[in-house]
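Novice: I have a structure I would like to understand better, so I am pasting it below and will then ask my questions one at a time.
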2 protein chains.
Amino acid sequence: MSNRLPTLALVGATGAVGTVMLDILSRRENVWGEIRLVASARSAGKVLRVRGEDVVVQALAPEVFDGVDVAMFDVPDEVSKEWAPVAAARGAVAVDNSGAFRLDPDVPLVVPEVNADQVRNRPRGIISNPNCTTLSMIVAIGALHREFGATDLVVSSYQAASGAGQEGIDTLRDQMAKVAADRTLGTEAGDVRAAAGELGPFPAPLAYNVVPWAGSLKEDGWASEELKVRNESRKILGLPDLRVSATCVRVPVITTHSLTVHATFSQEVTADAARKILGAADGVEVLDDPAKGEFPTPADVVGTDPTWVGRIRQSLDDPRSLDLFLCGDNLRKGAALNTAQIAEVVAREFTS
Amino acid sequence: MSNRLPTLALVGATGAVGTVMLDILSRRENVWGEIRLVASARSAGKVLRVRGEDVVVQALAPEVFDGVDVAMFDVPDEVSKEWAPVAAARGAVAVDNSGAFRLDPDVPLVVPEVNADQVRNRPRGIISNPNCTTLSMIVAIGALHREFGATDLVVSSYQAASGAGQEGIDTLRDQMAKVAADRTLGTEAGDVRAAAGELGPFPAPLAYNVVPWAGSLKEDGWASEELKVRNESRKILGLPDLRVSATCVRVPVITTHSLTVHATFSQEVTADAARKILGAADGVEVLDDPAKGEFPTPADVVGTDPTWVGRIRQSLDDPRSLDLFLCGDNLRKGAALNTAQIAEVVAREFTS
């Protein structure tokens, strides 16, 4: 153990998640010595602000990782696949926010509130950050699992446009501007489709609509996003046999994923007991008083860090099951924040 | 049995569902003799068009039911509660679209494709039409149940604004007009709430948002709409012990409810077998080829009669379970159409 502040590299500093990361690094307790900002050659030379200082963006190259202790990757899968091992070979611990390594048995998939202990099991020098939809529920589900033992999850998502990146946000805003002016739309098949214009990254119009698809087509009709929720929940909770059914649906919300979860446990669980455990859990906020109109909605939780939980009910036909509604900002805890938290766990190895 | 065309009264002819009913009565095979249009005294004297003819609206009074064979009620619960028995006492069969009688053991709850045989079990002379959310899935679930025997349903809804009436539609359109112009909204907690303006019938803004609430608060945190899905599904399917968990969520769609359903049966069921049964079922359309971008969305099915089903998958962890996505127009099959279909089953008693 040394006792210096570790050096951090942020790869993908100019992207959508990278931008949120600069804000997060500037607001959280400062555990870093030098912070290097890295992006594609196209963005090299740009000046970005982090922790109140101007930093010049460097082009991605093997040498930028020399002397780096932790390298965060907020880049597409194929960039991570190539460059995270390069960073690791140069001695950095790579914390990757892409899908490239999540199911690699030699790469831990970490949510610090749930399985921080996995951070040290990193034979490849790489730690992976889960998908945003999994992250929007797993802190709360993990807290309940610790107490009651999860056996089954049935998940339906209400996913925001920003899950499809800046193009997703722009597409939804453009469509909204087109359909909002016409008060006749939405009553006949195809009229919203005709008016909405470009579909962007979505397979159907998103304004005035919901679209039951996220990701790419996998075997037996499953969407990749649905399999991620299943496989990543199993790995994070350490439950390889957890039964998970997910249906992922995109909704016309800019940012913040919502989910309904029907969770079954190995023992009885009352709503009051669940409320108590969730209320005491790190990273979880309970907002659950429908008599006062209190439950989480994306419009009210966007921009915040916790996983918000409301509508907590014991299932009427199975005392071992709970029905829940959860909201989480898919760009914060769902991406940048969790990556920052993982990196901070690693940073403690250098200073403790 | 007589052999004359029966006389129909439509109570609530000037309302949102009544307006759709006039269209439906004008398009479907004509099984009616006289059609009387009835509404509150305020609307009496108005002239409405049905079956290509002008009809003067009469004020609701006991005498309007004299000589009426079938009286359809598309009015609020309290109006039905008072007036459906009046119509029945005057000799009409009342077909009620409100929530007033749905769980009355002496009133059948009918979806003709599922339990048309129940129409004759009407000791009070009243037949009830299910809630729009139940109706958006039950034709498809009923077809699968007939073949495989349903044991469990986990339902999440994506409910349209028009489920809250014309006020719901107007509120969403007004909010959309306000938020669509501002491209900065949706990234900070509360900014959509501040911009959206009036909440209308919803407990939170609906534009750029989803709201996990529909109906009124019942015991243990359940919303009335969620209990309706459970109780009505049990009654329609004739399964008093069916396990049902529903979470109802409002989404910024004008018309057409969508639902995800995780349905478990008493025997194994493959996606192909389900697709075959649903493809052959009356009132169901299968649209399920994600490789071609084919799945139902509200924007494409609004204004149509069937229940649309897509994303049909056998659950990966239980061969007795299916995961489905369904869409149904909540003003057509979800309200007016099913009422018309029930009335037509009764009409056959007069002509067959």
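The values are calculated or read from the model by the stated rules, or taken from the named source; none is laboratory data. Predicted, not measured: the structure shown is a model, and the values here were computed from it. Backbone-built Cβ (ideal geometry, glycine too); neighbour counts: all protein chains shown. All accessible areas refer to the heavy atoms of the entire protein, side chains included, with ligands and DNA or RNA removed. Shrake-Rupley method; radii C 1.70, N 1.55, O 1.52, S 1.80 Å.
Novice: Residues in the stretch B:111-118: is at least one more than 14 Å from every other protein chain (Cβ to nearest Cβ) and free of Cβ contacts under 8 Å to residues at least 12 places away in the same chain?
Specialist: Scanning the stretch B:111-118 turns up at least one residue that is more than 14 Å from every other protein chain (Cβ to nearest Cβ) and free of Cβ contacts under 8 Å to residues at least 12 places away in the same chain.
Novice: Hey, another quick one. What are the pairs, 6+ residues apart or on separate chains, where a residue within the stretch B:265-279 that is touching a residue at least 40 places away in the same chain (Cβ under 8 Å) and of a type in the set (A, V, I, L, M, F, W, C) has its Cβ under 6 Å from a residue that is in a loop (DSSP other than H, G, I, E, B) and open to solvent by 40 Å² or more (accessible area, probe 1.4 Å)?
Specialist: So the pair list comes out as B:265/B:320.
Novice: Select from the stretch B:152-170 the residues that are open to solvent by 10 Å² or more (accessible area, probe 1.4 Å) and more than 10 Å from chain A (Cβ to nearest Cβ) and list them in ascending order.
Specialist: B:163, B:164, B:165, B:166, B:167
Novice: Of everything in the stretch B:79-134, what is under 16 Å from residue B:17 (Cβ atoms) and in a helix (DSSP H, G or I)? Give them in sequence order.
Specialist: Residues satisfying the conditions are B:79, B:80, B:83, B:84, B:132, B:133, B:134.
Novice: Going residue by residue through the stretch A:226-235, is there one that turns out to be more than 7 Å from every other protein chain (Cβ to nearest Cβ), farther than 26 Å from residue B:312 by Cβ and touching a strand residue (DSSP E or B) at 6+ places or on another chain (Cβ under 6 Å)?
Specialist: Among the residues of the stretch A:226-235, at least one is more than 7 Å from every other protein chain (Cβ to nearest Cβ), farther than 26 Å from residue B:312 by Cβ and touching a strand residue (DSSP E or B) at 6+ places or on another chain (Cβ under 6 Å), which makes the answer yes.
Novice: Just name the residue that is surrounded by the most Cβ atoms within 10 Å (Cβ to Cβ) out of those in the stretch B:171-193 that are more than 9 Å from every other protein chain (Cβ to nearest Cβ) and either modelled with pLDDT under 90 or touching a Lys or Arg at 6+ places or on another chain (Cβ under 6 Å) (or both).
Specialist: Per the criteria, the residue is B:182.
Novice: Starting from residues that are under 19 Å from the mean Cα position of the chain (by Cα) and more than 15 Å from residue B:148 (Cβ to Cβ), keep the ones in the stretch B:311-328 and report whichever is nearest to the other protein chains (Cβ to nearest Cβ).
Specialist: Only one residue fits best here, namely B:325.
Okay, residues lined up against (1) loosely packed, with under 15 Cβ neighbours inside 10 Å; (2) among the charged types (D, E, K, R); (3) outside any strand (DSSP E or B):
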| site | (1), (2), (3) |
| --- | --- |
| A:6 | no, no, yes |
| A:18 | no, no, yes |
| A:21 | no, no, yes |
| A:24 | no, no, yes |
| A:29 | yes, yes, yes |
| A:36 | no, yes, no |
| A:42 | yes, yes, yes |
| A:45 | yes, no, yes |
| A:48 | no, no, no |
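Novice: Would you pick out the residues in the stretch B:241-300 that are in a loop (DSSP other than H, G, I, E, B), facing chain A (nearest Cβ under 7 Å) and crowded, with 19+ Cβ neighbours inside 10 Å?
Specialist: Within the stretch B:241-300, B:249, B:251, B:252, B:253, B:254, B:255, B:295, B:297 qualify.
Novice: Among what's in the stretch A:199-225 and is on the phi > 0 side of the Ramachandran plot and within 8 Å of chain B (Cβ to nearest Cβ), pick the residue that is most open to solvent (accessible area, probe 1.4 Å).
Specialist: My answer is A:220.
Novice: While we're here: How do the pairs read when you match residues in the stretch A:84-100 that are in contact (Cβ under 8 Å) with a residue 60 or more places away in the chain with residues anywhere that are surrounded by fewer than 21 Cβ atoms within 10 Å (Cβ to Cβ) and part of a helix (DSSP H, G or I), using Cβ under 6 Å and keeping only pairs 6 or more apart or on different chains?
Specialist: Note: pairs meeting the criteria are A:99/A:77.
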